[in-house]
Amino acid sequence: MSDIQQFAGIITFVLVVIAMFSSVRHFRRHQRWAGFAIPTLVWSVAAFVAFFLIPALGDASFGLAQRIFVATWLSWMITTAIRERRMTTTKPATREALATR
């Protein structure tokens, strides 16, 4: 792997984890998303730990550690997208009920 590719990968992974942690704060501030703040925090911590598994496990398990990390943040992104999609496609009355939770 080239140095540029490795550097770009590390920067991207760090930015993903930062985005996850910043989403926790955003979700807490918005009533419709408040219930998703704690799961996002758990995912963020898991992604942070998984990120450091990559160098901790070394070359022998590099691929496994990287896949664990990718599975962690990708599952969060997919779940977040599904939640947003459901919130925007529900009927207005249902949206109001969700907002009051």
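The calculated Kirkwood hydrodynamic radius for the chain is 15.1 Å, given to one decimal from all distinct C-alpha pairs. Protection proxy ranking for 3-9, 73-79, 25-31, using the average of other Cβ atoms within 10 Å per residue and placing the highest first: 73-79, 25-31, 3-9. Calculated mean residue ellipticity, 222 nm, the chain: -29000 deg cm²/dmol, from DSSP H runs (n ≥ 4) at -39500 (n - 2.57) each, averaged per residue and rounded to 500. Using C-alpha pairs below 8 Å separated by at least 6 residues, the relative contact order for the chain is 24 percent. Straightening the chain between Thr12 and Ala71 buys 19.8 nm, computed as 0.36 nm per residue apart minus the Cα-Cα spacing.
If R0 is taken as 35 Å, the Cβ-Cβ distance between Arg28 and Ser61 corresponds to a FRET efficiency of 0.50. Derived scalar couplings between HN and Hα for segment 72-85 equal 5, 6, 5, 5, 5, 4, 5, 5, 5, 5, 5, 4, 4, 4 Hz in order, rounded to whole Hz, by the Karplus curve 6.51 cos²θ - 1.76 cosθ + 1.60 (θ = phi - 60°), x for Gly and Pro.
The HN-Hα couplings worked out from phi for segment 55-67 by the Karplus form 6.51 cos²θ - 1.76 cosθ + 1.60 (θ = phi - 60°) are x, 5, 7, x, 5, 4, 10, 4, x, 5, 4, 5, 5 Hz, whole numbers, x standing for Gly and Pro. Exposure proxy shown here: for Phe51, Phe62, the number of other Cβ atoms within 10 Å sets the order, fewest to most, as Phe62, Phe51.
Read the figures in this text as sums done on the coordinates, not as results from a lab. This is a predicted model, so every value here is computed, not measured. We place every Cβ from the backbone using ideal geometry, glycine too, and count neighbours over all the protein chains shown.
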